[in-house]
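Worksheet for the structure shown next.
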Amino acid sequence: MKEMSKWERVEAALRGEEVDRVPISLWKHYHLQDRSPVQLAEVSVALHRQFDTDLIKLTPSGLYPIQDWGATIQFGRDDDFLPLAVQPAINSAEEWETLPRLDVNKGVLRRELDTIRFVAGLLDGSAPFMGTLFSPLNLAYKLCGDHVSGELVMNYVRESPRQLHAGLAVITDVVVEYAAACLEAGASGFFFATQLATYDLMTPAEFKEFGVAYDLKVLESLQAKSRVTMLHVCKQNLMFDLVADYPVDVINWAAATSGTSLTDARAMTDTALAAGLSLQTLLSGTEQDVRAEAREAIAQAGRTGFILAPDCVIRGPSPDANLAAARQAAEETRAS
């Protein structure tokens, strides 16, 4: 089969068509560089070039969207230390109703747009790259400083739904405007992440009301504009059935550990899948472990409609040799 360009390979995979080999995407956080647009652009493109990946995901700080709303962030001193919101932006139900509408061309959001512009310039159209968006409910979770348990945002869901809906409406409008600005800056598409689509936190009815309703407003605004939209479903015990028909091009999640396997996902959706690389294996397994895991994922998912990808953000100390092993597993699928 004729060798495809990165764009051709990724777009064929998204359509469920034959590919010359299974495409691969790898992404890591760079917490020491992610507040500098030039530095984050350079390290992101360097990772892509080092491992010859097909699809790039930009990895700004996971708290970038809430800084302009007033959250106080504590940053770490190494690439593997996640920033923390030490002072949340929302401290009472009433504050959801006065949440200001941000100007997406100012502050931290402007910084992230500059990163996109630099990446677009470095790539010059050679490969697709995704900006990172969080679902409106996920941003509400971050705005109230809820890093782990989810209890704070769930208190608002159950005790102050009217106020939370008012905040979610503003958040959604800002995300839609920011996404449009990202595309104008040169992004090919988006990595749209949610950490709340889990039975461990919410009932299906709650997620439909506070999650799905607002997610769809964002995702529908991207249709016919974004060339690749990847839904990332984080956490365990997922409500995969409630997001399986989202209007996205590809779904990413922890297939081996979340309770929804590749086989399960194939039965629920015709959307392309992106999975197969366990963060723990990439961090502490051998090269042979990584290749074996990748091969098993490709065997389950098949060569079409599939992108070999990590469960989530690859840990900083993960050995380069293991990332190279993942790339080799993708190469092994090359059609003759």
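Worth pointing out:
- Strands (runs of 3 or more DSSP E) completely within segment 38-152 that count 3 or more residues being among the hydrophobic types (A, V, I, L, M, F, W, C): 84-87, 129-134
- Scanning segment 270-282 for residues that are within 19 Å of the chain's Cα centre (by Cα) and touching a residue at least 12 places away in the same chain (Cβ under 8 Å) yields THR271, ALA272, LEU273, ALA274, ALA275, GLY276, LEU277, SER278, LEU279, LEU282.
- Count - residues of segment 1-37 that are part of a helix (DSSP H, G or I) and in contact with a Phe, Trp or Tyr (Cβ under 7 Å, 6 or more places away or on another chain): 2
- Exclusive hit being modelled with pLDDT under 95 and crowded, with 18+ Cβ neighbours inside 10 Å, set GLY189, GLY167, GLY150, GLY131: GLY150
- Test for ARG162: is it over 23 Å from LYS225 (Cα atoms), of a type outside the set (A, V, I, L, M), open to solvent by 40 Å² or more (accessible area, probe 1.4 Å) and modelled with pLDDT of 95 or more: yes
- Residue satisfying all of: in segment 296-336; under 23 Å from the mean Cα position of the chain (by Cα) and among the basic types (Lys, Arg); nearest to THR263 (Cα to Cα) among these: ARG303
- With respect to (1) under 23 Å from LEU183 (Cα atoms); (2) surrounded by 18 or more Cβ atoms within 10 Å (Cβ to Cβ); (3) small (Gly, Ala, Ser), the lone exception for GLY121 is condition (2).
- Just one of the listed residues (THR263, THR172) is open to solvent by less than 10 Å² (accessible area, probe 1.4 Å), more than 15 Å from THR132 (Cβ to Cβ) and in a helix (DSSP H, G or I), and it is THR172.
Per-residue answers, yes or no, for (1) surrounded by 18 or more Cβ atoms within 10 Å (Cβ to Cβ); (2) aliphatic (A, V, I, L, M); (3) at positive phi:
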position: GLN195; (1), (2), (3): yes, no, no
position: MET202; (1), (2), (3): yes, yes, no
position: ALA205; (1), (2), (3): no, yes, no
position: LEU231; (1), (2), (3): yes, yes, no
position: LEU238; (1), (2), (3): yes, yes, no
position: VAL243; (1), (2), (3): yes, yes, no
position: ASP249; (1), (2), (3): yes, no, no
position: ALA255; (1), (2), (3): yes, yes, no
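- So ALA274, is it more than 19 Å from LEU201 (Cβ to Cβ), assigned to a loop (DSSP other than H, G, I, E, B) and touching a Ser or Thr at 6+ places or on another chain (Cβ under 9 Å): no
- Residue count for segment 313-332 satisfying the condition of being within 17 Å of PRO23 (Cα to Cα) and open to solvent by 10 Å² or more (accessible area, probe 1.4 Å): 5.
- Among the numbered conditions (1) among the hydroxyl-bearing types (Ser, Thr, Tyr); (2) more than 17 Å from THR132 (Cβ to Cβ); (3) in contact (Cβ under 8 Å) with a residue 12 or more places away in the chain, the only one that SER221 does not meet is (2).
The values are calculated or read from the model by the stated rules, or taken from the named source; none is laboratory data. A quick note: this is a predicted structure, and the numbers were derived from the prediction, not measured. Don't worry about glycine lacking a Cβ; one is built from the backbone with ideal geometry, like all the others, and counts go over all protein chains shown. Quick note on the areas: whole protein, heavy atoms, side chains included, nothing else; ligands and nucleic acids left out. Shrake-Rupley method; radii C 1.70, N 1.55, O 1.52, S 1.80 Å.
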